[in-house]
Amino acid sequence: QKEVEQNSGPLSVPEGAIASLNCTYSDRVSQSFFWYRQYSGKSPELIMSIYSNGDKEDGRFTAQLNKASQYVSLLIRDSQPSDSATYLCAVTFNWGFKTIFGAGTRLFVKA
Amino acid sequence: GAVVSQHPSWVICKSGTSVKIECRSLDFQATTMFWYRQFPKQSLMLMATSNEGSKATYEQGVEKDKFLINHASLTLSTLTVTSAHPEDSSFYICSANRRREGTDTQYFGPGTRLTVL
């Protein structure tokens, strides 16, 4: 099992809908969780970080963390075509303080 | 805050030459930086972890003699692709680790697109 897993997609949602991106990880001893957005041909950009169980909201983005179930999700409300990108989930594990990236989920928001 | 720059943004070189890519953290100090490679439509692939003042740690399958890493200061790491060949053509991205209040966060540079003819 991969350490950080994401559905590769593509996930297609209509403009204005909620996009839900999910990520599972294999190790319980994890510390920090991140969501990055990567547009085609560009480098990843940090959009959210979350460290404790529950929800964290920032504008149209909400990160949700459930350590018992070992998943972290990202909700994008009122999706816009400009949200179309690949979203990378990243988890920092306590052992070696290494950050592992998922392979990413491609999101398409249709106008 | 947390700005990371890379130079050059793109480079075209002849096969057999060496190319140096610089990664700088502009507004914070980074004892640890990372170098990634990404081929079209593929995932990020971690190549090595660059530690200030010590040798880099390379991932399995990455040739340390081909990809030379130097982390000379708390704000600068360089990657030199030696004797580059067409198969080394890729998008090279660095990230710098920022430690704040006990947590580590990676911030990425804009990337360097390398084309080897």
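Partnerless cysteines in chain B, where a partner means another cysteine C-beta under 4.7 angstrom, comprise B:C13.
Distance between Cα centroids, the range B:98-113 to the range A:6-49: provide it in whole Å. Centre-to-centre distance over Cα atoms comes out at 17 Å. Near A:K42, which aspartates and glutamates are there with a Cα under 15 Å away, not counting those fewer than 8 places off in the same chain? Output for A:K42: A:D83. For chain B, the dipole from Cβ point charges (+1 on Lys and Arg, -1 on Asp and Glu) about the Cα centre works out to 140 debye, to the nearest 20.
Projecting the Cα atoms of A:Q80, A:F33, A:V4 onto the charge dipole of chain A, computed from C-beta unit charges around the Cα centre, puts A:V4 farthest toward the positive end.
Convex hull of alpha carbon positions in the range B:3-117: directionally averaged projected area 6.9 nm². What separates the Cα centres of the range B:25-63 and the range B:65-79 is a distance of 9 Å. Projecting the Cα atoms of B:H85, B:T105, B:G61 onto the charge dipole of the range B:58-117, computed from C-beta unit charges around the Cα centre, puts B:T105 farthest toward the positive end. Taken along its three principal axes, the alpha carbon spread of the protein assembly as shown comes to 50, 39, 35 Å, from the longest extent down to the shortest. Largest first, the residues A:R106, B:R99 sort by 1.4 Å accessible area into B:R99, A:R106. The Kirkwood hydrodynamic radius of chain A, based on inverse pair distances between different Cα atoms, is 13.9 Å. Annotation: A:F61 carries an accessible surface of approximately 30 Å², with a 1.4 Å probe and no ligand, DNA or RNA atoms counted. Once C-alpha pairs closer than 8 Å and six or more residues apart are averaged by separation and normalised to the residue number of chain A, the relative contact order reads 37 percent.
Here's the list of aspartates and glutamates a cross-link from B:K14 could span, going by alpha-carbon distance under 15 Å and ignoring same-chain residues fewer than 8 apart: B:E87, B:D88.
In this view, the solvent-accessible surface of B:H85, computed with a 1.4 Å probe and all protein chains in place, comes to about 70 Å². Estimated at the nearest 10 Å², the accessible area of B:R113 is 100 Å² with a 1.4 Å probe. Annotation for the A:B interface, with buried accessible surface near 1300 Å², both sides summed [1.4 Å probe; non-protein components not counted].
The values are calculated or read from the model by the stated rules, or taken from the named source; none is laboratory data. What you see is a predicted model; the values in this text were computed from it and never measured. We place every Cβ from the backbone using ideal geometry, glycine too, and count neighbours over all the protein chains shown. The area values use the complete protein model at the heavy-atom level, side chains included, leaving out ligands, DNA and RNA. Shrake-Rupley method; radii C 1.70, N 1.55, O 1.52, S 1.80 Å.
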